[in-house]
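The values are calculated or read from the model by the stated rules, or taken from the named source; none is laboratory data. Since the structure is predicted, the reported quantities are computational estimates derived from the model, not experimental observations. We place every Cβ from the backbone using ideal geometry, glycine too, and count neighbours over all the protein chains shown.
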Amino acid sequence: MIVTIPIDGVELEGELLVPDGASGLVLFAHGSGSSRHSPRNNFVAERLRERGVGTLLFDLLTEAEDQTYETRFDIPLLTDRLVGATRWVRSRDETSDVSLGYFGSSTGSAAALRAAARDETDADAVVSRGGRVDLASEVIDQVTAPTLFVVGGNDHQVLELNREAYDELPGEKELEVVEGAGHLFEEPGALESVADLAAAWFADHLE
């Protein structure tokens, strides 16, 4: 279902798909320069729905905002948009009571972690794919939701940043390294590994 999400005076386009009897709903935070049409995130989202988990893929920025480099990397703004989408989900009768998770990619992972650190979102689980988790370093110790970091073994700089952030996470956590994969998980079987890891994590933690 195509939806329009009103947040702070703008309207953001999204796609909300919730399987019958869904155990929870995952909001996707795409990386800067990407959108709800990200083929990688859509691949992961399809795998989640196969496991009975609903998905919301939406644009964090309007078309005009996405033309500006500074806005694309405005992590506090992206976080506010994700929190706003969370409020919107909670306001809908059919999704008001479901368990919620965040799936963040690259810079979107920073927004996902920052949103999860806010008490109002009450996030139940977080998964980060190749995340710039260092951009959430000042709040990482406030993320109590079970959190999974998935990083490519050949994505050396991001892997080091994830290891440092992982040590600061206070709650249930795992760091999975997909050997031989780079930042975009374009290698054969790499994205499938990400999708399977994420689907298992959310299926276990969203009830």
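Give the residue, chosen from Ala165, Ala181, Ala136, that is of a type in the set (A, V, I, L, M, F, W, C), in contact with a strand residue (DSSP E or B) (Cβ under 7 Å, 6 or more places away or on another chain) and modelled with pLDDT of 95 or more. Working first, answer last.
On the way: Ala165 fails: in contact with a strand residue (DSSP E or B) (Cβ under 7 Å, 6 or more places away or on another chain); Ala136 fails: in contact with a strand residue (DSSP E or B) (Cβ under 7 Å, 6 or more places away or on another chain).
The conditions single out Ala181.
Since Thr86 meets every condition but one in (1) more than 24 Å from Leu175 (Cα to Cα); (2) at pLDDT 95 or above; (3) touching a strand residue (DSSP E or B) at 6+ places or on another chain (Cβ under 6 Å), which condition does it not meet?
(3)
Do you know which residues across region 6-22 are under 21 Å from Ser35 (Cβ atoms) and surrounded by fewer than 10 Cβ atoms within 10 Å (Cβ to Cβ)?
Within region 6-22, Asp8, Gly9 meet the criteria.
Please give the number of the condition Val194 fails out of (1) at pLDDT 95 or above; (2) in contact with a Ser or Thr (Cβ under 8 Å, 6 or more places away or on another chain).
Going through the list (1) at pLDDT 95 or above; (2) in contact with a Ser or Thr (Cβ under 8 Å, 6 or more places away or on another chain), Val194 breaks only (2).
Go through region 185-206 and give me each residue that's closer than 13 Å to Val44 by Cα and in a loop (DSSP other than H, G, I, E, B).
Phe185, Gly189
Testing Leu159 on (1) in contact with a strand residue (DSSP E or B) (Cβ under 9 Å, 6 or more places away or on another chain); (2) over 23 Å from Leu48 (Cβ atoms); (3) hydrophobic (A, V, I, L, M, F, W, C); (4) touching a residue at least 40 places away in the same chain (Cβ under 8 Å), one condition comes back false. Which one is that?
(4)
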